[in-house]
Amino acid sequence: MDRFFMQKTCDRCGASLDGGRIMSMFNTDCICLACKEKEKARNDYKEAVRAELDELKKGNTNYKGIKG
C-alpha cells in the first residue's frame with residue numbers, strides 16, 4: 001500500500017492524521033487538514049492549484065508540485 005495511506009503523522013507539523021489527510025498542492029507532503037487550511041492562505045496557493053490543473057490536463061497524474 002502507498003505510504004500516503006499508511007503514515008500516521010503530518011509531514012509538516014507532526015500531528016496525527018486520524019482526522020484526515022490530503023496531499024500538499026506545493027509538493028508531495030501528506031498533510032493534516034489544519035496544515036491544508038494554512039496552505040490555502042498562502043499568496044501563491046492559486047498558482048499551485050493552476051499549475052497542478054495544467055499538468056493534469058496534459059495527462060501528468062504524477063505532478064510533484066511547484067515546490068517539489
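Just so it is clear, none of the values below were taken in a lab; they were calculated from the coordinates. What you are looking at is a predicted structure, and each value in this text was computed from that prediction instead of being measured. Neighbour counts run over all protein chains shown; Cβ positions are idealised from the backbone, glycine included.
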Length-normalised contact order of the range 3-57, Cα under 8 Å, at least 6 apart, in percent, tallies to 26
Consider the candidate values (1) 11.8; (2) 12.5; (3) 13.8; state which one is Kirkwood radius over Cα pairs in Å computed from the structure displayed. (2)
Grab the Cα-Cα distance for Ile66 and Leu33, subtract it from 0.36 nm times how many residues apart they are, and report the gain in nm with one decimal. 9.9 nm
Given a cut-off of 19 Å, name the pairs among Lys36/Lys57; Lys8/Lys67; Lys8/Lys46; Lys38/Lys58; Lys40/Lys64 whose C-alpha atoms lie farther apart than that in the structure shown. Lys36/Lys57; Lys8/Lys67; Lys8/Lys46; Lys38/Lys58
0 to 90° range, to nearest 10: angle between helix 45-57 axis and the chain longest Cα axis: 70
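Restrict the search to the range 11-43; then list the trypsin sites (Lys or Arg not before Pro) that DSSP places in a loop and that have at most 12 other Cβ atoms within 10 Å of their Cβ. Mind showing how you got there, number by number?
Values: sites: Arg12, Arg21, Lys36, Lys38, Lys40, Arg42; in loops: Arg12, Arg21, Arg42.
Here the trypsin sites (Lys or Arg not before Pro) that fit, given the DSSP loop and packing criteria, are Arg42.
Report the full-extension gain for the segment Ala15 to Leu53: residue separation times 0.36 nm, less the Cα-Cα distance, to one decimal in nm.
Numbers: separation 38, 0.36 × 38 = 13.68 nm, distance 2.83 nm.
Once the chain is fully extended between Ala15 and Leu53, it gains 10.9 nm.
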